[in-house]
Amino acid sequence: MSEHPTTLPPELDVLVVGAGFSGLYLLHRLRKIGLTARAVEAGSGVGGTWYWNRYPGARCDVESMQYSYSVFEGLEQDWEWSELFSAQPEILRYANHVANRYGLRRDIQLDTRVTATRFDETAGRWTVTTQAGEVTSARFVVMATGCLSTARTPDFTGMDDYRGNTYHTGHWPHEPVDFSGQRVAIIGTGSSAIQALPVIAGQAAHVTVFQRTPNYSIPSRNGPMPADYAADWKNHYAKRRQQARHSRNGLVVKGNDASAMAVSPEQRQTAYEEYWHLGGTQFMAAFNDLIFDAEANESAAEFVRNQIRTTVNDPTVAELLAPKDYPIGTKRICVDSHYFETFNRDNVALVDIRHRPIEGLTTEGLVADGTDYAFDAIVFATGFDAMTGTLAAIDIRGRAHQALVDKWEAGPRTYLGLTSHGFPNLFMITGPGSPSVLSNMMVSIEQHVDWVTDLLAHMKHHGLDTVDATLPAEDDWVEHVNVVAHKTLYPRAASWYMGANIPGKPRLFLPYIGGVGAYRERCDAAAASGYEGFEFETKNSQTQSAA
Ligand code: FAD
Ligand code: N01
């Protein structure tokens, strides 16, 4: 008999959608508060992001000592990471270890995609339907469906004509892909392509990279995990995890509380060099105003461009790879292992498609920049319909049969990124309007899961049946998310944070940039006041509001 259930029970307290890091921790917490829960997962295994993104070179860009759970008893002390930034297979092993060690599998149903969920106002319950036609009734539904879980392939003409193999980084095959001797195209130059290129170029006969927008990337300085470094983290975990929870990005980094333009050009250069050598996303912590002040930002951007110019031998290629038309950090900053150096290889070519885009696929390859290219394989590193795409793929209907996609037509509307008014007893983990993708996601996931399960425990304790965000609370939150975003340089980039990578998607800043620490305080304050901004109901229809 499978260790995973294969059919849904007719009734549940909580249905969790997704078995990535969010879904796994949810199950653990929900059991502790005595609720019956089932996680349903579209994939054939747990791990979410790390189950799907198996492309060569895939690894985390937050150090593993930090990109790991802090909440499972014994786990952070026992688990040994082999590298500073662990690769996908190791992170997936970690997710599987968690599922095994904490006995989670018995409540995880694999190969099960939720297609619809409707709120029955009379019963105060959600009717959930799966792709296979199974139906269950749950008091609560928690969408642990991920921010980057709907891979996006552009609608190029001729997709069906192409006779070679195609791959998407976010949907990579489970069996090894051998590019030896092949001519490979990589479309895209985001984090996924930046990780994949050096590895694929080491194997393939030739790689052509099609770049629409160059990216700022910082060397990771990855390497084997030094034993004393891991031991130091383990000795100080209690304090450092707490620091991360109250930080801006959910990370413990060496910060510098100085403004970039307040110091001399020499001091600026010294600081950038220091942070460049520290490596990774912490480069943006070199000064305290890099995401707020255009001049400060430009000084950091120019430093990185100069690193690219120094690294890449061909000056024309270097200029093409050096981003110039958006501030550094306003698209997710990339972290690489020898990305720019790879363009010095004889078997790697860069094609700039900014002004002459890919026209379509042919039987042999593709046409771009007016030229026909032939390839044995095409890798789409073209990203995701981030933050809202996965939710929009589920037919979610709340009070009065309202569809979530209709309510969110002009952009997502949430209270605290956790709930949306008119959709009682439905929660999102790291939803739009929460810090999520701007943070070390482990910290944000744990905070959301803890907050939601605390609320469910509160409802259980007080005999409350439904909870819904009030409209004024939601309106205020949406406004606040927007105001805070526009105090930064982020809206200046055509990024997936802004919905800009998906044709027709509303352009607004999706995550909350107020910082995970400040955000946590707001969530905690709402809870401490008896859940300000939420309205509760009991079966006898008495409405209780804390607002
Ligand atoms: P996911 O891991 O996305 O899991 C969601 C699960 O829900 C998926 O398995 C999906 O199949 C399932 N699902 C979705 N819809 C349905 C449905 N309708 N029915 C059933 N199941 C469904 N973050 C960091 O902080 N640091 C990093 O270094 C980092 N590296 C990343 C690298 C890559 C390549 C990518 C793509 C993302 C990375 N992230 C990183 C972000 C990463 O997504 C999160 O850190 C984290 O893994 C998200 O966990 P999750 O459980 O919330 O979502
Ligand atoms: O996707 P992306 P990703 N024609 O959207 C290009 C996380 N992550 O999978 O910029 C030609 O960043 C597109 O061009 P443009 C991380 O949060 C983390 O790389 O839109 N090109 C862009 O270059 C990250 O931000 C890691 O002009 C087209 C690329 O495809 C997020 O996931 C690793 C195109 C897409 O880049 C997404 O990263 C991987 C078209 N029609 C992912 N359409 C870590 O390192 C799109 N592009 C931890």
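The values are calculated or read from the model by the stated rules, or taken from the named source; none is laboratory data. Nothing here was measured: the structure is a model prediction, and the numbers come from that model. Please note: Cβ atoms are built from the backbone with ideal geometry, for glycine as well, and neighbour counts cover all protein chains shown.
Below is a table of values for the structure above.
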item: Enumeration of residues in segment 43-64 that are outside any helix (DSSP H, G or I), crowded, with 20+ Cβ neighbours inside 10 Å and more than 13 Å from ligand 2 (Cβ to nearest atom); result: V46, G47
item: Helices (runs of 4 or more DSSP H) wholly inside segment 185-273 that include at least 3 residues being within 14 Å of ligand 2 (Cβ to nearest atom); result: 191-201
item: Every residue from segment 309-320 that is touching a Leu at 6+ places or on another chain (Cβ under 7 Å) and either assigned to a helix (DSSP H, G or I) or under 25 Å from P491 (Cβ atoms) (or both); result: V317, L320
item: Residue identified as more than 10 Å from ligand 2 (Cβ to nearest atom) and buried (at least 16 other Cβ atoms within 10 Å of the Cβ) among T371, T342; result: T342
item: Search result, residues across segment 65-102 that are part of a helix (DSSP H, G or I) and either within 13 Å of ligand 2 (Cβ to nearest atom) or over 30 Å from T166 (Cβ atoms) (or both); result: L75, E76, Q77, D78, Q88, I91, H97, V98, A99, N100, R101
item: Residue match in segment 357-364 (condition: more than 19 Å from the chain's Cα centre (by Cα), among the polar types (S, T, N, Q) and away from ligand 1 (no atom under 16 Å from the Cβ)); result: yes
item: Residues that are assigned to a loop (DSSP other than H, G, I, E, B) and within 10 Å of ligand 1 (Cβ to nearest atom), drawn from segment 129-171; result: Q131, A144, T145, G146, C147, L148, S149, T150
item: Output for segment 197-232, where each listed residue is among the hydrophobic types (A, V, I, L, M, F, W, C) and within 16 Å of ligand 1 (Cβ to nearest atom); result: L197, V199, I200, I218, M225
item: Residue match in segment 428-445 (condition: farther than 24 Å from S70 by Cα, crowded, with 22+ Cβ neighbours inside 10 Å and in contact with a strand residue (DSSP E or B) (Cβ under 6 Å, 6 or more places away or on another chain)); result: no
item: Selection within segment 9-25 - in a loop (DSSP other than H, G, I, E, B) and surrounded by fewer than 22 Cβ atoms within 10 Å (Cβ to Cβ); result: P9, P10
item: Verdict on A392 being closer than 29 Å to Y167 by Cα and either away from ligand 2 (no atom under 16 Å from the Cβ) or of a type in the set (A, V, I, L, M, F, W, C) (or both); result: yes
item: Within segment 331-389, tally of residues that are assigned to a strand (DSSP E or B), of a type in the set (G, A, S) and closer than 30 Å to V405 by Cβ; result: 1
item: Among residues of segment 110-126, those that are within 15 Å of ligand 1 (Cβ to nearest atom) and surrounded by fewer than 21 Cβ atoms within 10 Å (Cβ to Cβ), counted; result: 6
item: Number of the condition not met by T281 [criteria: (1) out of contact with any helix residue (DSSP H, G or I) (no Cβ under 8 Å at 6 or more places or on another chain); (2) farther than 15 Å from S217 by Cα; (3) buried (at least 20 other Cβ atoms within 10 Å of the Cβ)]; result: (2)
item: Condition met for T310 (under 22 Å from E273 (Cα atoms) and either crowded, with 20+ Cβ neighbours inside 10 Å or not hydrophobic (A, V, I, L, M, F, W, C) (or both)); result: yes
item: Any pair with Cβ under 6 angstrom, 6 or more apart, that starts in segment 211-227 at a residue that is closer than 22 Å to T330 by Cα and ends at one that is among the basic types (K, R) and part of a loop (DSSP other than H, G, I, E, B); result: R212/R354
item: Contacts under 8 angstrom Cβ, first residue in segment 59-75 being within 13 Å of R101 (Cα to Cα), partner part of a loop (DSSP other than H, G, I, E, B) and modelled with pLDDT of 95 or more, 6 or more apart; result: F72/Y102; L75/S68; L75/Y69
item: Condition check for F427: within 12 Å of ligand 1 (Cβ to nearest atom) and aromatic (F, W, Y); result: no
item: Any chance T342 is out of contact with any strand residue (DSSP E or B) (no Cβ under 6 Å at 6 or more places or on another chain) and β-branched (V, I, T); result: no
item: Residue within segment 104-117 that is outside any loop (DSSP other than H, G, I, E, B), touching a residue at least 24 places away in the same chain (Cβ under 8 Å) and within 16 Å of ligand 2 (Cβ to nearest atom) present; result: no
